[in-house]
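Colleague: This is the structure I want to talk about, given as structure tokens.
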Amino acid sequence: MNRKKASLLLLSSVLTVSLAACNSGKETSGSKSSYPERAISVVAPSGAGGGWDLTSRSFVKILSETNLVEEPMTVENKPGGGGAVFMAEYATKDKANNEKLFVNSPPIIINNLKKEGNSPYGYKNTTPLAQLTIDYGAIVVRADSKYTDLKSLLEDMKKDPSKVTLAGGSAPGSMDHLIGILPAYKYGIDPTKIKYVSYDGGSEAITALLGKNADVISTDISSTLEFVKAGKVKILAVTAPERIEGEVLSEVPTAKEQGVDAEFVIWRGVFGPEKMSKDAYTFWENTIAKLVETDEWKTEVETQGWQPEYRNGEDFKTFLAEQETQVNDLLEVLGMKK
């Protein structure tokens, strides 16, 4: 082979390798998303200390600790209307904001279906990313309360519903309210006669209870654990189908075992904007699937008193449609459907 031909072959080889490298880079950039490139905000649409706040902070903390997300992550609290105020802003101003996620639970369905304080926006105005956990409702009184079990409370409510103040961390007709009136309804008490006072978040409701501005609160179990452990409150009943395992909760009876057939599951999940990009959706679908398998997340869930129950985006969306039907039926029975 002469020198000229060899040089041409060498040049051809170099060009081929260079083009392949360029093409490889294009394919990588086309198939591998650059998302996220900026800081991520996770919103808890309530005050500090409630279930949404705790879930948001646990979610952000473990994602950062495990390096599953390298960009900075922050938690924002945006209380108001049991989540309805935030949803109005998110569904209109942030519908394509891939860098803003939020945590929610049954109120995203309830607020959209109830008659009073109705929100025109619901889960269909979002992109469901994953269900993370389930929790249950708790009927809670002060540690020094005269009520020692669920039936003693319900008997007083039955005699005169107006003399027992029930409080919760969400608006009338929302989740905490439903948790509180469901046992009463099942016990034969007119739920519309019960005196209910709403606060922005479970933490404020507990403060009202401890300050003797309420006789009983209905909230999620996880919001009460630190107060139970500190001996400040006691849980009369949980809305779980059976007793919950754990050092504290295993001693707490269910409503059902006290003769009141009142079950209410509180799922918690992560949502993105309605117009979320495909790259962002894929990133979170893969990342959250990895998160729930880490030892750090499993430990966090156990510490918070939650029950792990993961659903990916598509399964979560299907589940939400089923929940919508159930909540609609419950609100209709209680006369609270829009």
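The values are calculated or read from the model by the stated rules, or taken from the named source; none is laboratory data. All of these numbers come straight from a predicted model, not from anything done at the bench. Cβ sites come from the backbone with ideal geometry, for glycine too, and all protein chains shown count toward neighbours. The protein model used for the area step is the full one, side chains on, heavy atoms only, and it has no ligands, DNA or RNA in it. Shrake-Rupley method; radii C 1.70, N 1.55, O 1.52, S 1.80 Å.
Colleague: Please work out if T207 is open to solvent by 10 Å² or more (accessible area, probe 1.4 Å), farther than 24 Å from M336 by Cα, out of contact with any strand residue (DSSP E or B) (no Cβ under 7 Å at 6 or more places or on another chain) and in a helix (DSSP H, G or I). Can you show your working first?
Modeller: Working: open to solvent by 10 Å² or more (accessible area, probe 1.4 Å): yes; farther than 24 Å from M336 by Cα: yes; out of contact with any strand residue (DSSP E or B) (no Cβ under 7 Å at 6 or more places or on another chain): yes; in a helix (DSSP H, G or I): yes.
Considered against the rule, which asks whether it is open to solvent by 10 Å² or more (accessible area, probe 1.4 Å), farther than 24 Å from M336 by Cα, out of contact with any strand residue (DSSP E or B) (no Cβ under 7 Å at 6 or more places or on another chain) and in a helix (DSSP H, G or I), T207 comes out as yes.
Colleague: Turning to a different aspect of this structure: Write out, first by first residue and then by second, each pair whose Cβ atoms fall under 9 Å of each other, whose residues are 6+ apart or on separate chains, and whose first residue, in segment 253-271, is of a type in the set (S, T, Y) while the second is open to solvent by 50 Å² or more (accessible area, probe 1.4 Å) and in a loop (DSSP other than H, G, I, E, B).
Modeller: So the pair list comes out as T254/P241; T254/E242; T254/R243; T254/E263.
Colleague: For segment 138-158, which positions are touching a strand residue (DSSP E or B) at 6+ places or on another chain (Cβ under 6 Å) and among the polar types (S, T, N, Q)?
Modeller: Correct list: empty.
Colleague: Taking into account only those residues within segment 149-178 that are of a type in the set (K, R) and without any contact (Cβ under 8 Å) to a residue 40 or more places away in the chain, which is nearest to L330 (Cα to Cα)?
Modeller: Filtering segment 149-178 for residues of a type in the set (K, R) gives 151, 158-159, 163.
Checking which are without any contact (Cβ under 8 Å) to a residue 40 or more places away in the chain leaves us with 158-159, 163.
Working: K158: 21, K159: 24, K163: 25 Å.
Filtering first and then ranking leaves K158.
Colleague: In this structure, does K212 turn out to be modelled with pLDDT of 95 or more, open to solvent by 70 Å² or more (accessible area, probe 1.4 Å), under 29 Å from K163 (Cα atoms) and in contact with a helix residue (DSSP H, G or I) (Cβ under 7 Å, 6 or more places away or on another chain)? Before the answer, list the steps.
Modeller: Working: modelled with pLDDT of 95 or more: yes; open to solvent by 70 Å² or more (accessible area, probe 1.4 Å): yes; under 29 Å from K163 (Cα atoms): yes; in contact with a helix residue (DSSP H, G or I) (Cβ under 7 Å, 6 or more places away or on another chain): no.
The answer is no for K212.
Colleague: Ok, one more. From the set of residues in segment 148-177 that are more than 25 Å from G49 (Cβ to Cβ) and not in a helix (DSSP H, G or I), which is nearest to the chain's Cα centre (by Cα)? Even if it seems obvious, please write down each step before you answer.
Modeller: Pass one, segment 148-177, residues more than 25 Å from G49 (Cβ to Cβ): 148-149, 151-152, 154-163.
Now restrict to residues that are not in a helix (DSSP H, G or I): 148-149, 160.
Details: T148: 30, D149: 28, D160: 34 Å.
Restricting to residues being more than 25 Å from G49 (Cβ to Cβ) and not in a helix (DSSP H, G or I), the top hit is D149.
Colleague: So, one more: Assuming A39 fulfils every condition listed in (1) more than 19 Å from Y121 (Cβ to Cβ); (2) out of contact with any Gly (no Cβ under 8 Å at 6 or more places or on another chain); (3) at pLDDT below 95 apart from one, which condition is it?
Modeller: So A39 meets the others, but not (3).
Colleague: State which residue is modelled with the lowest pLDDT when the search covers only segment 66-107 and only residues that are among the hydroxyl-bearing types (S, T, Y) and touching a Lys or Arg at 6+ places or on another chain (Cβ under 9 Å).
Modeller: Going through the qualifying residues, I end up with S105.
Colleague: Of all residues in segment 160-176, count the ones that are among the charged types (D, E, K, R) and within 13 Å of A138 (Cβ to Cβ).
Modeller: From segment 160-176, those among the charged types (D, E, K, R) are 160, 163, 176; that's our starting set.
Applying the additional criterion that residues be within 13 Å of A138 (Cβ to Cβ) yields 176.
The number of residues fulfilling the criteria is 1.
Colleague: Of (1) under 21 Å from the mean Cα position of the chain (by Cα); (2) surrounded by 15 or more Cβ atoms within 10 Å (Cβ to Cβ); (3) not acidic (D, E), L236 satisfies all except one. Which?
Modeller: Here L236 clears every test but (1).
Colleague: So which pairs qualify, if the first residue must be in segment 61-78 and within 24 Å of S46 (Cβ to Cβ), the second must be among the aromatic types (F, W, Y), the Cβ gap must be under 6 Å, and the two must be at least 6 apart or on different chains?
Modeller: I62/W297; K78/F86
Colleague: Note down all Cβ pairs under 6 Å where the first residue falls in segment 107-130 and is within 28 Å of F283 (Cβ to Cβ) and in contact (Cβ under 8 Å) with a residue 12 or more places away in the chain, the second is of a type in the set (V, I, T) and in a strand (DSSP E or B), and they're at least six residues apart or on different chains.
Modeller: Between residues of segment 107-130 that are within 28 Å of F283 (Cβ to Cβ) and in contact (Cβ under 8 Å) with a residue 12 or more places away in the chain and residues that are of a type in the set (V, I, T) and in a strand (DSSP E or B), the close pairs are L129/V270; A130/V270.
Colleague: Additional query: Determine, yes or no, whether D200 is more than 21 Å from the chain's Cα centre (by Cα) and part of a loop (DSSP other than H, G, I, E, B). Explain how you work it out, then say what you get.
Modeller: Working: more than 21 Å from the chain's Cα centre (by Cα): no; part of a loop (DSSP other than H, G, I, E, B): yes.
Answer is no for this residue.
Colleague: Related question: Mind checking which pairs have a first residue in segment 193-215 that is touching a residue at least 40 places away in the same chain (Cβ under 8 Å) and a second that is among the basic types (K, R) and open to solvent by less than 50 Å² (accessible area, probe 1.4 Å), Cβ under 7 Å, 6 or more apart or different chains?
Modeller: Qualifying pairs under 7 Å: L209/R142; L210/R142.
Colleague: Enumerate the helices (runs of 4 or more DSSP H) found wholly within segment 256-338, keeping only those where 2 or more residues are modelled with pLDDT under 95 and open to solvent by 50 Å² or more (accessible area, probe 1.4 Å).
Modeller: Working: elements: 278-291, 295-304, 313-333.
Output list reads 295-304, 313-333.
Colleague: Sort through S162, S152 and tell me the only one that's modelled with pLDDT of 95 or more and surrounded by fewer than 24 Cβ atoms within 10 Å (Cβ to Cβ).
Modeller: On the way: S162 fails: modelled with pLDDT of 95 or more.
After ruling out the rest, the residue left standing is S152.
Colleague: Here is a list: I189, I181. Which entry is touching a residue at least 24 places away in the same chain (Cβ under 8 Å), of a type outside the set (D, E), in contact with a helix residue (DSSP H, G or I) (Cβ under 6 Å, 6 or more places away or on another chain) and surrounded by fewer than 21 Cβ atoms within 10 Å (Cβ to Cβ)? Walk me through it before giving the result.
Modeller: Working: I181 fails: surrounded by fewer than 21 Cβ atoms within 10 Å (Cβ to Cβ).
The conditions single out I189.
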